[in-house]
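The values are calculated or read from the model by the stated rules, or taken from the named source; none is laboratory data. Treat the numbers as computed from the prediction; the structure is a model and nothing was measured. All Cβ positions, glycine included, derive from the backbone under ideal geometry; neighbour counts span all protein chains shown.
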Amino acid sequence: MSKLKNIIKQLSPEDYNAIYTSLAESNAEKSAHLLRFLREKQLSDTKIMEELEVNSNAYYTLRSRLNQKIEEYLLQQMESPRTTLLKKVATINDVIFTKKKAISLATLKKLEKELLDYDLSNELTVVYKTLKKLQVNSPDQFNYSQLYNKHVAYMLAVDKAEDLLSEYFKKYGNYILTFDETEKLGLSLLKREVENVANLYQSHRLYIYQSCLTIFHRLYMEPSLEPANEEQDSIETIFQKVEHIFDTYALDSIYYHLKIVFDFLKMEYYLRINQQRKADKLFDEINEDAPIFVMNYNLYTFSPQFLLTKLERHMKLDTENLLYEENKALFEDFEIDKNNTAQYIIYVTYRAISCYYCDKYDESAKWINNLLNDLSLKKIPHVLLELKLFLALQYALKKEDDLFNQLINSIQRQVRILGKQNCLHILTFTKILKVSLNEVKKSKPAKVQTYLNKINKEAFTKVSPIRYIKFDEDFINRLT
């Protein structure tokens, strides 16, 4: 909420009036009133809800939509150099056919400088191709031919870096589902390849792409946050350099959108070094755009991780029971990519756990069943087992004995195939569930606690719903 308030407070009077008028004229009166309350009055959220006559769920939806409307307006008002330059590049042929050669050369050289400033390699190749044609009878043709070849190579390097970046986060998704050592090695090789590509050129765009990967890799794939050698920058230094680039090219549309990626990485970094206050501030800002972040940013980071971090945060604060109502507003129009297996599993895990903590076991089971029907998870048997185990828990809590027994038998058959030694945590949890359905009530809580003491929660995969269940007194009471 603080992010939205700050944005509204910093709007110029002209922008504020334009947004307010637009909302009022489009019959979004409550959004207009909310804008006015946040701009002109020092009211608490509770008081604003009373003024607007809405409940907390509707209020959260209003805030989210207002934030989206403001961002759309500000984007439209941005004078994008990228757009202006693209228009200029599109008119190059008009210039060379209608202007004197000296004017054409001067125009192209000015355009070259502007394109270099914004690191627009694709458009530079068009400029250099035209310059070498205009200078066909001049010694300068060789120079422009070389520059053309150089920027074609650079353009391919940027494309290569983007492809490697998306491939890395796709592979990371596969890795957390399998923890296969080959996948882990592949991540390190992709990181090295991105570094090699970035080192070919002095390019702030390549540096940004490299930084997305470097910081994430240190946070999740390396034992220490410190650089491996003195030649590498610390994470703090990388953040500072990235911020300087974003400030320098404040009107670059790609950088405008990538700010949230580095906010996410900063939040994860602050959590690692126990700077909770800084992490909380960033969490609040990212959470307002969580659906867009999870859905659209997986080419530049592993965005579904935010949902797992959010689960852990609420568990730590004992506020996990608030997630269900928040999700109804936050993910109202959310569309998950079911072809992105890791993202889909994490999203379903997040939604199913949110239902579990509000005692909505039917809905929780429905999320898991839909996932199992949509995806074939035979290649990741441990993930499949753990999802089935969580589903069995929902059946146990609903006292649906027949469905529970069928599922437990299926789990036990799969455990025998994989080997009991590889599934001790799963076997222990099945024993807990069986105790819960035992008609003999005597000493049930003690037996459940005994088995819980034997479970190593870290043995569950990172995407397992079981990993995000609190094995506390409340859990024992639910079962017994």
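Looking only at the range 159-185, how many residues end up being of a type in the set (Gly, Ala, Ser) and either in contact with a Leu (Cβ under 6 Å, 6 or more places away or on another chain) or within 26 Å of SER104 (Cβ to Cβ) (or both)?
The number of residues fulfilling the criteria is 2.
Within the set of pairs 6+ apart or on separate chains, which have a first residue in the range 359-380 that is of a type in the set (Phe, Trp, Tyr), a second that is outside any loop (DSSP other than H, G, I, E, B) and buried (at least 18 other Cβ atoms within 10 Å of the Cβ), and C-beta atoms under 7 Å apart?
These pairs meet every condition: TYR361/GLN394; TYR361/LEU397; TRP367/VAL348; TRP367/ARG351; TRP367/ALA352; TRP367/CYS355.
Does THR61 fit the bill of being out of contact with any Leu (no Cβ under 9 Å at 6 or more places or on another chain) and in the same structural domain as LEU23 (by TED's automatic domain parsing)?
no
Would you call PHE239 crowded, with 18+ Cβ neighbours inside 10 Å, at pLDDT 95 or above and not acidic (Asp, Glu)?
Numbers: crowded, with 18+ Cβ neighbours inside 10 Å: no; at pLDDT 95 or above: yes; not acidic (Asp, Glu): yes.
Judged against the criteria, PHE239 is not a match.
Just to be sure, is GLN394 assigned to a helix (DSSP H, G or I), in contact with a Ser or Thr (Cβ under 8 Å, 6 or more places away or on another chain) and assigned by TED's automatic domain parsing to the domain that holds TYR356?
Considered against the rule, which asks whether it is assigned to a helix (DSSP H, G or I), in contact with a Ser or Thr (Cβ under 8 Å, 6 or more places away or on another chain) and assigned by TED's automatic domain parsing to the domain that holds TYR356, GLN394 comes out as yes.
Tell me whether the range 330-340 contains one or more residues that are of a type in the set (A, V, I, L, M, F, W, C) and over 28 Å from ARG277 (Cα atoms). Spell out how you get there, then give the answer.
Filtering the range 330-340 for residues of a type in the set (A, V, I, L, M, F, W, C) gives 330-331, 334, 336.
From the residues that got through so far, the ones that are over 28 Å from ARG277 (Cα atoms) too are 334, 336.
Yes, that holds for at least one residue.
Assuming PRO445 fulfils every condition listed in (1) surrounded by fewer than 19 Cβ atoms within 10 Å (Cβ to Cβ); (2) at pLDDT 90 or above apart from one, which condition is it?
(2)
Only one of GLN68, GLN77 is modelled with pLDDT under 75 and of a type outside the set (Phe, Trp, Tyr). Can you tell me which?
Unique residue meeting the criteria: GLN77.
Results for (1) over 30 Å from the mean Cα position of the chain (by Cα); (2) on the phi > 0 side of the Ramachandran plot; (3) at pLDDT 90 or above, shown as yes or no for each residue.
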position	(1), (2), (3)
LEU120	no, no, no
SER145	yes, no, yes
ASN149	yes, no, yes
ASP159	no, no, yes
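Can you pull out every residue in the range 247-262 that is in contact with a helix residue (DSSP H, G or I) (Cβ under 7 Å, 6 or more places away or on another chain), surrounded by fewer than 17 Cβ atoms within 10 Å (Cβ to Cβ) and part of a helix (DSSP H, G or I)?
As a first pass, look at the range 247-262 and keep what is in contact with a helix residue (DSSP H, G or I) (Cβ under 7 Å, 6 or more places away or on another chain): 249, 251-253, 255, 258-262.
With surrounded by fewer than 17 Cβ atoms within 10 Å (Cβ to Cβ) added as a condition, the list becomes 251, 253, 259.
Answer for the range 247-262, where residues must be in contact with a helix residue (DSSP H, G or I) (Cβ under 7 Å, 6 or more places away or on another chain), surrounded by fewer than 17 Cβ atoms within 10 Å (Cβ to Cβ) and part of a helix (DSSP H, G or I): SER253, LYS259.
So which of ILE368, ILE426 is in the same structural domain as ASN327 (by TED's automatic domain parsing) and within 28 Å of GLU325 (Cβ to Cβ)?
ILE368
So that you can scan it fast, the table gives a plain yes or no per residue for (1) surrounded by fewer than 18 Cβ atoms within 10 Å (Cβ to Cβ); (2) under 29 Å from GLU162 (Cβ atoms):
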{"site": "LYS278", "(1), (2)": "yes, no"}
{"site": "ILE292", "(1), (2)": "yes, yes"}
{"site": "LEU299", "(1), (2)": "yes, yes"}
{"site": "GLN305", "(1), (2)": "no, yes"}
{"site": "GLU320", "(1), (2)": "no, no"}
{"site": "LEU323", "(1), (2)": "no, no"}
{"site": "GLU326", "(1), (2)": "no, no"}
{"site": "GLU335", "(1), (2)": "yes, yes"}
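In the range 288-310, what residues are in a helix (DSSP H, G or I) and in contact (Cβ under 8 Å) with a residue 24 or more places away in the chain?
Listed by number, the residues that qualify are GLU288, ALA290, PRO291, PHE293, VAL294, MET295, GLN305, PHE306, LEU307, LEU308, THR309, LYS310.
Hey, could you check the range 383-420 for residues that are of a type in the set (Asp, Glu) and surrounded by fewer than 22 Cβ atoms within 10 Å (Cβ to Cβ) and say which is nearest to ALA365 (Cα to Cα)?
GLU400
Would a scan of the range 467-480 turn up a residue that is among the hydroxyl-bearing types (Ser, Thr, Tyr), in contact with a Lys or Arg (Cβ under 6 Å, 6 or more places away or on another chain) and at pLDDT below 90?
yes
Which of the following residues is acidic (Asp, Glu) and farther than 27 Å from LYS338 by Cα: GLU473, GLU386?
Numbers: GLU386 fails: farther than 27 Å from LYS338 by Cα.
Answer to the check: GLU473.
List every residue pair whose Cβ atoms sit under 6 Å apart, with the two residues 6 or more apart in sequence or on different chains, where the first one lies in the range 31-45 and is assigned to a helix (DSSP H, G or I) and the second, anywhere, is hydroxyl-bearing (Ser, Thr, Tyr) and crowded, with 17+ Cβ neighbours inside 10 Å.
Cβ pairs passing all conditions: ALA32/TYR20; LEU35/TYR20.
Restricting the search to the range 146-158, which residues are over 15 Å from LEU108 (Cα atoms) and not basic (Lys, Arg)?
GLN146, ASN149, HIS151, VAL152, ALA153, TYR154, MET155, LEU156, ALA157, VAL158
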